[in-house]
Amino acid sequence: MTQDQEPVRQRLLGEATRLFAERGFEGTSVQGIVSAAGVTKGAMYHYFDSKDDLLREIYGRVLRMQMERLTHFAESSGPVAERLHTAAADVVATTVENLDDSKIFFRSMHLLAPDIRKVVRAERRRYHERFRDLVIEGQQEGTFRKDVPADIVVDFFFGSVHHLGTWYSPEGPLSGAELGAHFADLLLTSLRPEPTLPFTK
């Protein structure tokens with residue numbers, strides 16, 4: 001498909017992603033985006049209200065895809081430990097597959113207009129809450145340890161996921177799927193209900 005045949009909205013998102021990655025959000029102008037996409041400002045404003053709106057959508061499309069996949073995993077049959085492991089591995093793998101989008105967003109989120117930032121945080125919170133529900137389900141049935149609040153488990157796990165863009169390289173030894181399996185293994189191991197001895201020096 002040539003650029004002329006590609007839908008305008010996708011061209012705008014593609015060029016915005018490329019330019020934000022190359023120049024940063026602040027260093028990219030609306031004119032630069034529309035020129036690269038070969039459209040007018042009027043065409044852009046038909047699809048997006050602002051440059052902030054473009055940045056929100058770059059991450060939003062990844063988050064919507066991940067939410068759809070998480071819902072499928074969470075609502076499938078099978079033991080809760082298996083479902084949580086699949087969900088945890090998947091969010092790492094899909095983040096790696098869309099690393100530029102995630103990296104651009106987390107690097108520039110603080111630059112978004114407050115109203116848009118609030119909406120994005122609410123969307124991400126819904127994902128985290130659905131993930132947390134799996135942890136709570138496992139705690140309630142005795143599969144997972146109960147001494148650590150589910151919110152802490154989720155914050156700890158996603159603190160690592162959201163920083164993948166600062167260190168992960170596709171040129172490295174691990175694929176996204178392999179890295180996801182390691183992350184999921186670590187999460188499930190940390191949730192085992194066996195008692196552990198307190199740390200002492």
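The values are calculated or read from the model by the stated rules, or taken from the named source; none is laboratory data. Here the structure is a predicted model, which means the values were calculated and not measured. Note: ideal-geometry Cβ built from the backbone for every residue, glycine included; neighbour counts use all protein chains shown. Only protein heavy atoms, including side chains, enter the accessible area calculation; ligands, DNA and RNA are left aside. Shrake-Rupley method; radii C 1.70, N 1.55, O 1.52, S 1.80 Å.
So is V161 closer than 24 Å to A74 by Cβ, touching a Leu at 6+ places or on another chain (Cβ under 8 Å) and of a type in the set (A, V, I, L, M) or not?
No.
Which one of E123, E137 is among the acidic types (D, E) and closer than 30 Å to F25 by Cβ?
E123
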Q: Determine which member of the set G32, G42 is free of Cβ contacts under 8 Å to residues at least 60 places away in the same chain and surrounded by fewer than 13 Cβ atoms within 10 Å (Cβ to Cβ).
A: G42
Q) Looking at A87, is it of a type in the set (G, A, S) and under 30 Å from R192 (Cα atoms)? A) yes
Q: Scan the range 97-107 for residues that are out of contact with any Ser or Thr (no Cβ under 7 Å at 6 or more places or on another chain) and either open to solvent by less than 50 Å² (accessible area, probe 1.4 Å) or among the small types (G, A, S) (or both) and jot them down.
A: N98, L99, F105
Q) Identify, please: which residue in the range 120-159 is surrounded by fewer than 13 Cβ atoms within 10 Å (Cβ to Cβ) and of a type in the set (A, V, I, L, M, F, W, C) and is, among those, modelled with the lowest pLDDT? A) A122
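From E194, E178, which residue is at pLDDT 95 or above and open to solvent by 30 Å² or more (accessible area, probe 1.4 Å)?
From the options E194, E178, the qualifying one is E178.
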Q.
Restricting to the range 46-94, name every residue that is buried (at least 17 other Cβ atoms within 10 Å of the Cβ) and not in a helix (DSSP H, G or I).
A. F48
Q) Of the numbered conditions (1) modelled with pLDDT of 90 or more; (2) open to solvent by 20 Å² or more (accessible area, probe 1.4 Å); (3) within 20 Å of the chain's Cα centre (by Cα), A16 satisfies every one except a single condition; which is it? A) (2)
Q: Only residues that are open to solvent by 20 Å² or more (accessible area, probe 1.4 Å) and either touching a helix residue (DSSP H, G or I) at 6+ places or on another chain (Cβ under 6 Å) or part of a helix (DSSP H, G or I) (or both): list them for the range 19-29, please.
A: A21, E22, R23
